[in-house]
Amino acid sequence: MPKIVTLPGDGIGPEVTAAAVAVLREVAPDVTIEEHAIGGGAYEAHGEPFPAATRDALKDADAVLLGTVGGAHDSPWNKLPRPLRPESGLLSLRKALGCYANLRPVRVQPGLEHLSPLKPELARGVDILIVRELLGGIYFDGDRKIEGDTAYNTMRYTTPEVERVADMAFWAAEQRKGRVTSVDKANVLEVSELWRRDVQALRDRKYRSVHLNHEYVDSVAMLIVSDPGRYDVIVTENLFGDILSDLAAVIPGSLGLMPSASLGDGPGLFEPIHGSAPDIAGKGIANPAAAIMSVGMLLRHGLSRSDAANAVDRAVALALRAHPTRDLGGTADTQTFTRAVLDAMETPAVG
C-alpha cells in the first residue's frame, strides 16, 4: 500500500493541501496518507523548520505532497538565524530527498488564454516542460566568499550531474513530442561547454529518437515569451532554470495554475509553486488548482498511475472553465472549486 507524506506548511498551504488530499483520496483510495510539519509552523511547534519526526517519516514514503512554506515579509520568522527560517526547512527537505531535477509544466488551459499576458494566438496550446537541475551549480558550490570589496560564487558541474538530469529530460520528451532544447551559455562559459558536450553525448548514446537542439539562455529568455510554441521540453542548469521557469510561469496567467515535481534518488516531492499568501490564509478563497495538479504529477511520476493522473488533469481543466476562482476572474472559493473537480472526475470522458 503506497504511503504519501503530506506537509501542509504555512499560510494557505493547509487549505490547498486539504483540497489536494480530497482529490487524491478519491482517485487513489488505497494510499496511506500521513501528515507532518514543516516550515514556520514546525518551528513554532518543534523549534526547527524540518523536525526529526518529519525527516524520519520520509524514509518509507513513496511520495511527498508539500503545501507552502514561509510567512509575510514582516514575519518574526524572517528575523530568526537562517538555519531556523522556514525556507531552510524546504532546502533541507529537498536535500534529504535527493531531488536533483525539478519538473515544471507550463500549460495554458483551453479556454483560459485570455488570462495570459501574451496575445491569445501565442498563448493558445502552449505546453512546455522545464526540467531544471536542482542540487548543483552556483547555488550549491562551496567555493564562495565575501572578502572586503570583493565577492565570488563558483558555478561547477560534473558529467554525472549533467547526465542524470538530462536523462530525465530525454525520458520525459519520449512521453511527449520527442523534442528537447538544452539551454546553456557555451559561448562564454566553460561549465556550459561541458554541459552541452555531455547532453549531446547522452542523446547520441541513448536517445537517438529524440530531437535535440542547443540554445543560449539569453535567446531562450526572449523566445519563450515571443514564440513559446517552439518548445516542448527544456533542460538547463540550476541558475538558468530558476530564472527561466519563473519567467515562463507568467504565461498561463496565474501562479495558481502552476504545479511542480522534484525528482531524484528517493521519493518525489510534489508542490504548487505559489507562495504562502498569508494575506488570504484562513479565508477559504485560495486557488487549489496548482496543488491538485501537483497530485496529478504525484500519480504520474511518484506512483506510475498515468490513467489516474490523466483523470485529475481532465477534471481540473473542466472545473477551471466552469468554476474559475477569484484570481482567475471568477467567484469560486476553495471548497467550491474542489467540489467541482471531484464532480468532474465522476463525469465520463467524451471522445
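Observations on the structure shown:
- Note on region 5-39: residues that are touching a residue at least 12 places away in the same chain (Cβ under 8 Å) and more than 21 Å from H274 (Cα to Cα) total 8.
- Taken together, the residues in region 315-343 that are at pLDDT 95 or above and of a type in the set (D, E, K, R) amount to 3.
- Residue match in region 208-226 (condition: of a type in the set (D, E, K, R), over 30 Å from S92 (Cβ atoms) and open to solvent by 60 Å² or more (accessible area, probe 1.4 Å)): yes
Here is a yes/no grid of residues against (1) in a helix (DSSP H, G or I); (2) farther than 22 Å from E15 by Cα; (3) open to solvent by less than 30 Å² (accessible area, probe 1.4 Å):
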| position | (1), (2), (3) |
| --- | --- |
| D246 | yes, yes, no |
| N287 | no, no, yes |
| A290 | yes, no, yes |
| H301 | yes, yes, no |
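- Within region 227-240, the set of residues being over 26 Å from H114 (Cα atoms) and either open to solvent by 10 Å² or more (accessible area, probe 1.4 Å) or part of a helix (DSSP H, G or I) (or both) comprises N238, L239, F240.
- Residue list for region 303-317, restricted to those being under 30 Å from D60 (Cα atoms) and either among the hydroxyl-bearing types (S, T, Y) or open to solvent by 10 Å² or more (accessible area, probe 1.4 Å) (or both): L303, S304, R305, S306, D307, A308, N310, A311, D313
- Count of region 293-308 residues which are over 16 Å from R104 (Cβ atoms) and in contact with a helix residue (DSSP H, G or I) (Cβ under 7 Å, 6 or more places away or on another chain): 4
- The one condition from (1) assigned to a helix (DSSP H, G or I); (2) closer than 23 Å to I292 by Cβ; (3) free of Cβ contacts under 8 Å to residues at least 60 places away in the same chain that E44 does not meet is (2).
- Residues that are modelled with pLDDT of 95 or more, within 20 Å of L263 (Cα to Cα), touching a Gly at 6+ places or on another chain (Cβ under 8 Å) and aliphatic (A, V, I, L, M) within region 109-158 comprise I130, V131, listed in sequence order.
- Single residue of A20, A42 found to be buried (at least 17 other Cβ atoms within 10 Å of the Cβ) and touching a Pro at 6+ places or on another chain (Cβ under 6 Å): A42
- Of all the numbered requirements in (1) at pLDDT 95 or above; (2) farther than 17 Å from M258 by Cβ, V350 misses one, and that requirement is (1).
- Selected residue (criterion: farthest from the chain's Cα centre (by Cα)) from residues of region 64-88 that are assigned to a helix (DSSP H, G or I) and under 21 Å from A286 (Cβ atoms): W77
- Across region 122-156, the qualifying residues are those that are of a type in the set (V, I, T) and out of contact with any Phe, Trp or Tyr (no Cβ under 9 Å at 6 or more places or on another chain), and the one among them that is farthest from L112 (Cα to Cα) is T150.
- Which numbered condition S209 misses (of (1) modelled with pLDDT of 95 or more; (2) within 24 Å of the chain's Cα centre (by Cα)): (2)
- Evaluation of K59 against the conditions (1) modelled with pLDDT under 95; (2) in contact with a Phe, Trp or Tyr (Cβ under 7 Å, 6 or more places away or on another chain); (3) among the charged types (D, E, K, R) shows that the sole unmet condition is (2).
- Applying the criterion of being aliphatic (A, V, I, L, M), in contact with a strand residue (DSSP E or B) (Cβ under 8 Å, 6 or more places away or on another chain) and not in a helix (DSSP H, G or I) to the residues of region 135-192, the residue that is surrounded by the fewest Cβ atoms within 10 Å (Cβ to Cβ) is A151.
- Residue in region 318-327 that is in a helix (DSSP H, G or I) and surrounded by 24 or more Cβ atoms within 10 Å (Cβ to Cβ) present: yes
- Among the residues of region 92-106, just one is under 15 Å from the mean Cα position of the chain (by Cα), of a type in the set (K, R) and modelled with pLDDT under 95, namely R94.
The values are calculated or read from the model by the stated rules, or taken from the named source; none is laboratory data. No experiment lies behind these values; they were computed from the predicted model shown. Quick reminder, even Gly has a Cβ in these numbers, built from the backbone with ideal geometry, and neighbours come from all protein chains shown. For the accessible areas, the whole protein counts, side chains as well, though only heavy atoms, and no ligand, DNA or RNA atoms are used. Shrake-Rupley method; radii C 1.70, N 1.55, O 1.52, S 1.80 Å.
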